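Before any comments, here is the structure.
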Amino acid sequence: MRTSHRTSPARRAADAFAAHHGRAAEGVWSAPGRVNLIGEHTDYNDGFVLPFALPHRIAVAAAARGDGMLAVTTIGDDGKPQHAEPVRVAELAPGRVSGWAAYPAGVAWVLRDHGISGGADLVVAGDVPSGAGLSSSHALQCAVALALLGLAGTTPDESAGGPGRLEVARWVQRSENDFVGAPTGLLDQTASLCCTAKHALFLDVRSGESEQVPFDAAQGGLAVLVIDTRASHSHSESGYGQRRQGCERAAELLGVPALRDVTGEGLADALAALPEPLRPLVRHVVTENDRVLRTVDLLRAGQLADTGPLLTASHSSLRDDYRVSCLELDVAVEAALDAGALGARMTGGGFGGSAIALVPEERESAVRRAVSSAFARRSLTAPRLFTAVPSAGAGRDE
Ligand code: GAF
């Protein structure tokens, strides 16, 4: 039977847990996917990012097991369960688990180093579109982290004696880098764990300092339209890692710890000192950091509508300099702008996934129609469109 998506992921996970294990879960934790408003491919360069959390979440219903085993079941969109091979937490090591099961197992592996090593039954349900560049895998990992912490009687709250949320984000990043094998930065885990409703999260990745910046598009008569192009992507593929290596090589040649240390004023000299293939990467990172700072200033001043050109400039930079866009993302951005969006850009790692458009509410239907027709004209798979409302970060549901 097809499960209704009107039922929350938390309820679906709890019901499926009871049906599958014949007992109630001890608790349910969930974590959201994210949209990055601006600040792309800056996180692993020690730079600035500005994400907000989606209302879409991955929920994990969990109960402890006394035998040290981790057993994970996910409930698909069709309501059917998929079981991962149970693994002994004490025996987890990089390379031991592959496919989707590596994401929750990696979290258990990293938590073991922080003294949380008990076994658990986990049942996962969610509504974050997967493969859409909206961070469904990080939402899964963050929800698993909170569930395993919760079963051990800990919450991600330093004032309650637990680890801070940013610290948990760093643990989750380590599990993805070292266990799953994807060389991603800190953006997505931090967004999922630290965002709050009606705000975007301004994060300085180097210092770990963050600020909740008010972000309520509807109040300003605007909407953030998410365009899931259905062109799927993966960070384990080489494109992402190659960009990251290029940035690290450029920083090394420039004698700085990270590209964050190259400023706008120093950009021309830095470019002149680098071999030609590395220059566009550096130009993107330096100009993107600057665009984040200018976007934050505009949001603080309540001038959301004025951020449009910065979003569009970010897309051009990612398309032409960083070269992580693709046909579907460019078609989405161009069609949205032609139909009256104030700004539009790809969001997330690129090579597929989603774009966003900042749209005056009265233009929203026209933009939706224009994007869908542009895809149809080129015989591309129909995109999935929805309006994103900045929502709450990860937490306990039941
Ligand atoms: C992906 C990665 F997971 C993030 O760390 C970040 O680098 C992003 O791509 C690009 O900004 O989502």
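The values are calculated or read from the model by the stated rules, or taken from the named source; none is laboratory data. Computed from a prediction, not measured in an experiment: that's the story for all the values here. No Cβ is skipped: glycine too gets one built from the backbone with ideal geometry, and neighbour counts run over all protein chains shown.
Miscellaneous remarks
- Across segment 185-208, the qualifying residues are those that are assigned to a loop (DSSP other than H, G, I, E, B) and aliphatic (A, V, I, L, M), and the one among them that is nearest to the ligand (Cβ to nearest atom) is Leu186.
Residue-by-condition table, conditions (1) part of a loop (DSSP other than H, G, I, E, B); (2) away from the ligand (no atom under 16 Å from the Cβ):
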| position | (1), (2) |
| --- | --- |
| Arg96 | yes, yes |
| Gly106 | no, no |
| Gly115 | yes, yes |
| Leu140 | no, no |
| Gly162 | yes, yes |
| Asp178 | no, no |
| Pro183 | yes, no |
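- Selection count where residues are surrounded by 24 or more Cβ atoms within 10 Å (Cβ to Cβ) and of a type in the set (A, V, I, L, M, F, W, C), scope segment 181-199: 4
- Filter pass, Val224 being in the same structural domain as Pro104 (by TED's automatic domain parsing) and at pLDDT 95 or above: no
- Residue in segment 338-347 that is away from the ligand (no atom under 16 Å from the Cβ) and part of a helix (DSSP H, G or I) present: yes
- Qualifying residue in segment 144-154 (condition: β-branched (Val, Ile, Thr) and touching a residue at least 60 places away in the same chain (Cβ under 8 Å)): yes
- Restricting segment 30-56 to residues that are under 16 Å from Gly133 (Cβ atoms) and more than 12 Å from the ligand (Cβ to nearest atom), the residue that is surrounded by the fewest Cβ atoms within 10 Å (Cβ to Cβ) is His56.
- The one condition in (1) surrounded by fewer than 23 Cβ atoms within 10 Å (Cβ to Cβ); (2) in contact with a strand residue (DSSP E or B) (Cβ under 8 Å, 6 or more places away or on another chain); (3) over 15 Å from Ile75 (Cβ atoms) that Ser8 fails to fulfil: (3)
- When Gly246, Gly264, Gly241 are screened for being in a loop (DSSP other than H, G, I, E, B) and either of a type outside the set (S, T, N, Q) or away from the ligand (no atom under 14 Å from the Cβ) (or both), only Gly264 passes.
- Test: residue in segment 70-92 that is at pLDDT below 95 and under 25 Å from Leu193 (Cα atoms): yes
- Considered as a group, the residues in segment 209-227 that are touching a residue at least 40 places away in the same chain (Cβ under 8 Å) and in a loop (DSSP other than H, G, I, E, B) include one that is surrounded by the most Cβ atoms within 10 Å (Cβ to Cβ), and that residue is Phe215.
- Qualifying residue in segment 236-248 (condition: touching a strand residue (DSSP E or B) at 6+ places or on another chain (Cβ under 8 Å), over 24 Å from Ser372 (Cα atoms) and not aliphatic (A, V, I, L, M)): no
- If the condition is being in a strand (DSSP E or B), within 20 Å of Met346 (Cα to Cα) and not hydroxyl-bearing (Ser, Thr, Tyr), then segment 362-398 contributes Arg384, Leu385, Phe386, Ala388.
- Within segment 57-70, being surrounded by fewer than 24 Cβ atoms within 10 Å (Cβ to Cβ) and at negative phi holds for Ala63, Ala64, Arg65, Gly66, Asp67, Met69.
- Residue in segment 262-270 that is in contact (Cβ under 8 Å) with a residue 40 or more places away in the chain and either within 22 Å of the chain's Cα centre (by Cα) or surrounded by 18 or more Cβ atoms within 10 Å (Cβ to Cβ) (or both) present: no
- Filter result for Gly255 (touching a strand residue (DSSP E or B) at 6+ places or on another chain (Cβ under 8 Å) and more than 27 Å from Ala169 (Cβ to Cβ)): no
- When residues in segment 287-312 are screened for being among the aliphatic types (A, V, I, L, M), touching a helix residue (DSSP H, G or I) at 6+ places or on another chain (Cβ under 6 Å) and touching a residue at least 24 places away in the same chain (Cβ under 8 Å), 2 of them pass.
- When Leu166 is tested against (1) out of contact with any helix residue (DSSP H, G or I) (no Cβ under 6 Å at 6 or more places or on another chain); (2) not in a helix (DSSP H, G or I), only condition (2) is not met.
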